[in-house]
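The values are calculated or read from the model by the stated rules, or taken from the named source; none is laboratory data. Just so it is clear, the model here is predicted, and its values are computed rather than measured. All Cβ positions, even for glycine, are placed from backbone atoms using ideal geometry, and neighbour counts span all protein chains on display.
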Amino acid sequence: MFMMGAGMALPAFAMDCAKAVQPIEKRICASSVLRAADARMNSAYSGALKAAPDTTIRDMLVRGQRRWIDARNNRLDADYEGRPLAVDEVRKAIDRRAAVLADRSDKGLIARALAERKWLANYTGGPLTGFDANCDFIPDDASGAHVSYACFGAVHVQHRARVCSQSEDWATGAVYQYRSVSAADGGKVRPVAFCETQAHENACDNGGAQSAWMRAGASGGDNHASAPVAGLPQLDAEMWPIGDGDDVVWFDRCLKAAVFPDVR
């Protein structure tokens, strides 16, 4: 069992107003409301680290909070048009993060990490299993005055010599999903096939001859799928659950079928 010793330093992201450089940091420091929200968030973050059952999940929490801070610095001061976000909108964003960090239910980050680990245990794993997340504040509506923090990116799962991948990208108010299959061949990754679900709806769910899968290198192919690489984090609770229930079913079919996709 991982124990948080009394002498172990907790990675802290509390605001140090004497060192504030980013515009959003200066806004937080200038507002008693935002400073209080920042203090609540950091208290929740410290609590999450103490509750982490092992070093892997603790490291995941540290990585995730650093990612949120980066997104805050880049996006939370102003909307995509450069207009300053209202103080109350910034406060809500910080308080929502505090609530996520404080959640100890089965929907909280730690529980989701454990569920993700249990799911991955169905497969052999390997160096190409990993999560490549891209998280940001995105507008809730056309005005851009309200934002929400969301994570997109790629999930790669290796089972023996096969790697099945699913990636989601957000652009101009829409989510684009891509799937791909690769082969791990002597330490190298060889693309096998890919499919764009946005354009073909459910045609990527199976790998039969009538599906929308295309062989790598086929003429007319436009592969936007993220390629698996070694060294990615092998847990990321903010990427779980993966889409809807059908996505987990697809991964199992892709990884365990004798041939996938069967587009000969």
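Observations
- Taking the conditions (1) part of a loop (DSSP other than H, G, I, E, B); (2) hydrophobic (A, V, I, L, M, F, W, C); (3) modelled with pLDDT under 80 in turn, ALA227 satisfies each one other than (3).
- Taking (1) surrounded by 15 or more Cβ atoms within 10 Å (Cβ to Cβ); (2) touching a strand residue (DSSP E or B) at 6+ places or on another chain (Cβ under 6 Å); (3) within 27 Å of ALA14 (Cα to Cα); (4) not basic (Lys, Arg) in turn, GLY130 satisfies each apart from (3).
- Criterion: closer than 17 Å to ILE138 by Cβ and part of a helix (DSSP H, G or I) - qualifying residue of ASN42, ASN73: ASN73
- Top-ranked residue in the range 187-211 [being within 22 Å of GLY231 (Cα to Cα) and either charged (D, E, K, R) or not assigned by TED's automatic domain parsing to the domain that holds GLN158 (or both); ranked as modelled with the lowest pLDDT]: LYS188
- Any pair with Cβ under 8 angstrom, 6 or more apart, that starts in the range 1-24 at a residue that is in the same structural domain as ARG58 (by TED's automatic domain parsing) and loosely packed, with under 10 Cβ neighbours inside 10 Å and ends at one that is of a type in the set (Gly, Ala, Ser) and modelled with pLDDT under 75: none
- Qualifying positions in the range 80-113 - surrounded by fewer than 15 Cβ atoms within 10 Å (Cβ to Cβ), within 15 Å of ASN42 (Cβ to Cβ) and touching a strand residue (DSSP E or B) at 6+ places or on another chain (Cβ under 9 Å): ARG96
- Some residue of the range 121-132 being touching a Phe, Trp or Tyr at 6+ places or on another chain (Cβ under 7 Å) and assigned by TED's automatic domain parsing to the domain that holds TYR178: no
- Qualifying residue in the range 64-76 (condition: among the aromatic types (Phe, Trp, Tyr), touching a Leu at 6+ places or on another chain (Cβ under 8 Å) and buried (at least 16 other Cβ atoms within 10 Å of the Cβ)): no
- Residue in the range 179-194 that is within 27 Å of ASN74 (Cα to Cα) and either within 14 Å of the chain's Cα centre (by Cα) or not aliphatic (A, V, I, L, M) (or both) present: no
- ARG75 over 25 Å from PRO228 (Cβ atoms) and in contact with a strand residue (DSSP E or B) (Cβ under 7 Å, 6 or more places away or on another chain): yes
- Residues in the range 149-176 that are over 30 Å from ILE94 (Cβ atoms) and in a strand (DSSP E or B): HIS156, VAL157, GLN158, HIS159, ARG162, VAL163, CYS164, SER165, GLN166.
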